[in-house]
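Enquirer: Okay, here's the structure, questions in a sec.
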Amino acid sequence: MENTYYRGRFSVAPMLDWTTRHCRYFHRQFTQHSLLYSEMITAPAILHAKYDLLAYDPVENPVALQLGGSDPEQLATCAKLVEQRGYAEINLNVGCPSDRVQNGMFGACLMSNADLVARCVEAMANEVSIPVTVKHRIGIDDLDSYEFLCDFIEKIQPYCSDFIVHARKAWLSGLSPKQNREIPPLDYERVYQLKRDFPHLNISINGGIKTIDEIKHHLQFVDGVMVGREAYQNPSLLGQIDQALFDETLPVITAKQAIEKMFPYIEKQLSEDVHLNHIVRHMIGSFQQCKGARQWRRYLSENAYKQGAGIEVIEKALDLVEFN
């Protein structure tokens, strides 16, 4: 696979409790060329878990694994494990503002300690040959000047050439993680300016992006676009990505096609005692533009969790949707 995909021309953001392996397998049915991300997994969890936190299906590739942590030695050990498992990229979370993350000394609070972030990235980069990238905010609390952002990039760039910038600052106290995704104003121009001032770096933009037209607009100024909630809540958007951004001869994949392509995977997972609801919860938003979308959502919500629920639940739900 060409490295351009790994560089994240288009990617789906890491989202806790959302971008699970079932979600990624579903998203991959829509788009072959997008870079998908795991949920954030902390380095201590990987090192001490009693079960395999790095499991995924090779069909999901290219997949980046997002790490949380601030101990260079731990992160380097995890980076080696991640590369051995065939992931396409390792991403360090320097953007999550939750209290739980701050207490563990990772996420957005690390923006105030660029020297430590640099040591973490250097330690990981020394252990692997795949890209090590950093996802961060444009600032935190009152540390939100453009000069602060440039200083942060300056200290890390000797060890990392890929930065994914959420175009909002984070408030580390007073706002919930959800509020931090909505209340601080977006400043796309600041991210564009980063690319102008650091033209040799791969700069991707994230935050509030919802449409193909918006994605194409941002790509005039930066190298990559990352979409989070919209890609999850309206996965049909992903069916347009390969044609719009990578190869205009490729077909648009509809939600119905993507769901039907999931059937063999779902059957296999059910045979391994995975509950249907754990998979179909990622499909709930599939038919936003179709008549019958509400009935689709309701039927799945009321039936997918039941003991013994199988493919027939999805087939029945699909019958409730009117396709153009």
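Enquirer: Among what's in segment 109-129 and is in contact with a strand residue (DSSP E or B) (Cβ under 7 Å, 6 or more places away or on another chain) and open to solvent by 30 Å² or more (accessible area, probe 1.4 Å), pick the residue that is nearest to VAL191 (Cα to Cα).
Expert: If we take residues in segment 109-129 being in contact with a strand residue (DSSP E or B) (Cβ under 7 Å, 6 or more places away or on another chain) and open to solvent by 30 Å² or more (accessible area, probe 1.4 Å), then SER112 is nearest to VAL191 (Cα to Cα).
Enquirer: Looking at segment 275-289, is at least one residue small (Gly, Ala, Ser), free of Cβ contacts under 8 Å to residues at least 24 places away in the same chain and outside any helix (DSSP H, G or I)?
Expert: The answer is no; no qualifying residue exists.
Enquirer: Can you pull out the helices (runs of 4 or more DSSP H) entirely within segment 1-96 that have at least 1 residues that are surrounded by 18 or more Cβ atoms within 10 Å (Cβ to Cβ) and among the aliphatic types (A, V, I, L, M)?
Expert: 43-48, 72-84
Enquirer: Return the pair list, or none, for Cβ contacts closer than 9 Å from residues in segment 43-56 that are more than 19 Å from GLY69 (Cβ to Cβ) to residues that are of a type outside the set (A, V, I, L, M) and surrounded by 15 or more Cβ atoms within 10 Å (Cβ to Cβ), at least 6 apart or on different chains.
Expert: ALA55/ARG21; TYR56/ARG21; TYR56/ARG24; TYR56/TYR25; TYR56/SER38; TYR56/TYR87
Enquirer: Can you tell me which residues in segment 238-260 are open to solvent by 50 Å² or more (accessible area, probe 1.4 Å) and either touching a Gly at 6+ places or on another chain (Cβ under 7 Å) or within 18 Å of CYS290 (Cβ to Cβ) (or both)?
Expert: Residues satisfying the conditions are GLN240, VAL252, THR254, LYS256, GLN257, GLU260.
Enquirer: Can you list residue pairs whose Cβ atoms sit under 7 Å apart, with the first residue in segment 141-165 being part of a loop (DSSP other than H, G, I, E, B) and the second being of a type in the set (D, E, K, R) and surrounded by 14 or more Cβ atoms within 10 Å (Cβ to Cβ)? Count only pairs 6 or more apart in sequence or on different chains.
Expert: Pairs found: ASP144/LYS169; TYR159/GLU122.
Residues checked against (1) modelled with pLDDT of 95 or more; (2) surrounded by fewer than 18 Cβ atoms within 10 Å (Cβ to Cβ); (3) of a type in the set (Ser, Thr, Tyr):
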residue	(1), (2), (3)
GLY139	yes, no, no
GLN157	yes, yes, no
ILE205	yes, no, no
SER236	yes, no, yes
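The values are calculated or read from the model by the stated rules, or taken from the named source; none is laboratory data. Keep in mind the model is a prediction, meaning the values are calculated, not measured. Don't worry about glycine lacking a Cβ; one is built from the backbone with ideal geometry, like all the others, and counts go over all protein chains shown. Side chains are part of the model used for accessible areas, which takes the heavy atoms of the whole protein and leaves out ligands, DNA and RNA. Shrake-Rupley method; radii C 1.70, N 1.55, O 1.52, S 1.80 Å.
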